[in-house]
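K.L.:
Here it is, the structure in full.
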Amino acid sequence: MYDRYSQEVNEKDRIFNVAIGFIEKVGYESLSIRKICAEANISVGKFYTYFKNKQELLSHFYNIAQKDFDQKIKGEDFSNLNLQDKITEFYGIYMEFTQDFGVEFVMHYFDNRNEEMDIHNNNNHIMATTDHFINEAVAGGYVLPEGRSAHDISIDLCMIVKGIIFTWVAERGGFDLPKVTRDIFKRSIIGILPL
């Protein structure tokens, strides 16, 4: 029996795996859709049935890895941490995940053309998790700063994180991304989420 879904998954994965190999060898800027297709033995037209462009290919990779990140977070015990420490550790783990992609990938994924970088995107998984942590603390008695919602605070934290990532990329990975993020959060989060 012909299983179209399995074939599509295999073709999409093949395109993706070839592209990742090329990114590691030649970098994102030199990545050619035609070369990917030739190596993956897929027509250019077939590529465009799965991905709109190279940016969407990166998003596919990131979304696959996001599942691994979710599993790691589910395995973490945040229950004994106060809200500030919980969020600091969550973003530290997120930066471990981000750093593992490497500078070349991160430079092109965290791009203004990537719709997933929009802080007002309702599908922003990291911000949704941050909202959850804050709302959980509010349900437990934490009082938000006057005039601020949980989502307003998530936006602030997301903008700080993007600034740290931008600096890490600009310095070509010249510092330990998770460590610096945890250090900055420990110094600044009290101003955003006071005790």
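The values are calculated or read from the model by the stated rules, or taken from the named source; none is laboratory data. A quick note: this is a predicted structure, and the numbers were derived from the prediction, not measured. Please note: Cβ atoms are built from the backbone with ideal geometry, for glycine as well, and neighbour counts cover all protein chains shown. Calculation scope for accessible area: heavy atoms of the full protein, side chains included, ligands and nucleic acids excluded. Shrake-Rupley method; radii C 1.70, N 1.55, O 1.52, S 1.80 Å.
K.L.:
Say we look at region 89-115 and pick out the residues that are among the β-branched types (Val, Ile, Thr) and open to solvent by less than 10 Å² (accessible area, probe 1.4 Å); which of these is nearest to THR129 (Cα to Cα)? Explain how you work it out, then say what you get.
P.N.:
Here is the first cut: in region 89-115, the residues among the β-branched types (Val, Ile, Thr) are 93, 98, 103, 106.
From what's left, open to solvent by less than 10 Å² (accessible area, probe 1.4 Å): 93, 98, 106.
On the way: ILE93: 13, THR98: 16, VAL106: 21 Å.
Applying the filter and picking the extreme gives ILE93.
Rundown of residues vs (1) within 23 Å of ASN53 (Cα to Cα); (2) at pLDDT 95 or above, yes/no style:
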| residue | (1), (2) |
| --- | --- |
| MET107 | yes, no |
| ARG113 | yes, no |
| ASN121 | yes, no |
| ALA128 | no, no |
| ASP156 | no, no |
| THR181 | no, yes |
| PRO194 | no, no |
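K.L.:
Can you go through ASP77, ASP13, ASP68 and tell me which one is closer than 30 Å to ALA137 by Cα, assigned to a helix (DSSP H, G or I) and without any contact (Cβ under 8 Å) to a residue 60 or more places away in the chain? Give the steps one after another, and end with the answer.
P.N.:
Details: ASP77 fails: assigned to a helix (DSSP H, G or I); ASP13 fails: closer than 30 Å to ALA137 by Cα.
On inspection, the qualifying residue turns out to be ASP68.
K.L.:
I'd like the full set of residues that are open to solvent by 10 Å² or more (accessible area, probe 1.4 Å) and not charged (D, E, K, R), limited to region 70-87. Can you show your working first?
P.N.:
To start, the set of residues in region 70-87 that are open to solvent by 10 Å² or more (accessible area, probe 1.4 Å) comprises 70-86.
Within region 70-87, GLN71, ILE73, GLY75, PHE78, SER79, ASN80, LEU81, ASN82, LEU83, GLN84 meet the criteria.
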